[in-house]
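Asks: Input: one structure, supplied below.
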Amino acid sequence: MAENTNADVNGLSFERAIEELESIVKRLEEGKVPLEESVAIYERGEALKRRCEELLKQAEARVEKVTLDSSGRPTGTEPLDVK
């Protein structure tokens with residue numbers, strides 16, 4: 001089942017993955033989910049978290065910052081410093 005869950009998660013957009021992750025967190029925080037289901041949705045939440053991190057890294061790799069000359073005019077772009 002974990003492989004099936006990961007395959008399903010890998011097709012989600014960032015927005016959809018984060019929305020579902022927030023829903024899982026809310027359910028777990030309420031504490032009204034049976035233990036077995038809690039474990040299953042926690043595992044799904046971990047897969048969703050990894051998907052969001054992956055998509056954010058991809059976005060960061062595509063972002064560039066504009067370089068300016070001494071008078072403030074754009075001169076080009078360079079990779080964004082990711083820390």
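Asks: At 222 nm, what value in deg cm²/dmol follows for the chain if DSSP H runs of at least 4 each add -39500 (n - 2.57) and the sum is divided by all its residues, to the nearest 500?
Replies: Using -39500 (n - 2.57) per qualifying helix, the result is -22000 deg cm²/dmol.
Asks: For the chain, treating each Cα as an identical point scatterer without solvent, what Debye log10 I(q)/I(0) comes out at q = 0.15 1/Å?
Replies: -0.65
Asks: Enumerate lysine pairs in the chain that are 8 or more residues apart or on different chains, then count those whose Cα atoms are under 26 Å apart.
Replies: On the way: 26/49; 26/57; 32/49; 49/57; 49/83; 57/65; 57/83; 65/83.
Taking the chain as the scope, the lysine pair count is 8.
Asks: Heavy atoms only, probe 1.4 Å: what % of the accessible area of the chain goes to carbon and sulfur, would you let me know?
Replies: So the carbon and sulfur contribution to the accessible surface is 53 percent.
Asks: Rg and Dmax in Å for segment 40-83, alpha carbons only: what are they?
Replies: Spelled out, the Cα radius of gyration and Dmax of segment 40-83 are 17.1, 57 Å.
Asks: When ligands, DNA and RNA are left out and all protein chains stay put, how many square angstrom of accessible area per residue does the chain have with a 1.4 Å probe? Let's see the in-between values first.
Replies: Numbers: 6570 Å² over 83 residues.
Counting only protein heavy atoms, the per-residue value for the chain is 79 Å².
Asks: Tabulate in residue order the Karplus-calculated ³J(HN,Hα) for segment 23-33, using 6.51 cos²θ - 1.76 cosθ + 1.60 with θ = phi - 60°, rounded to whole Hz; enter x for Gly and Pro.
Replies: With the stated coefficients, segment 23-33 comes to 5, 5, 4, 4, 4, 5, 5, 5, x, 9, 9 Hz.
Asks: Another one. What does the highest-first list of 24-34, 65-75, 47-57 look like by mean Cβ count within 10 Å?
Replies: Details: 24-34: 11.8, 65-75: 8.5, 47-57: 16.2.
Answer by packing, highest mean first, reads 47-57, 24-34, 65-75.
The values are calculated or read from the model by the stated rules, or taken from the named source; none is laboratory data. Since the structure is predicted, the reported quantities are computational estimates derived from the model, not experimental observations. Virtual Cβ from ideal backbone geometry, glycine too; neighbours counted across all protein chains shown. Protein only, heavy atoms only, side chains kept; ligands, DNA and RNA dropped before computing areas. Shrake-Rupley method; radii C 1.70, N 1.55, O 1.52, S 1.80 Å.
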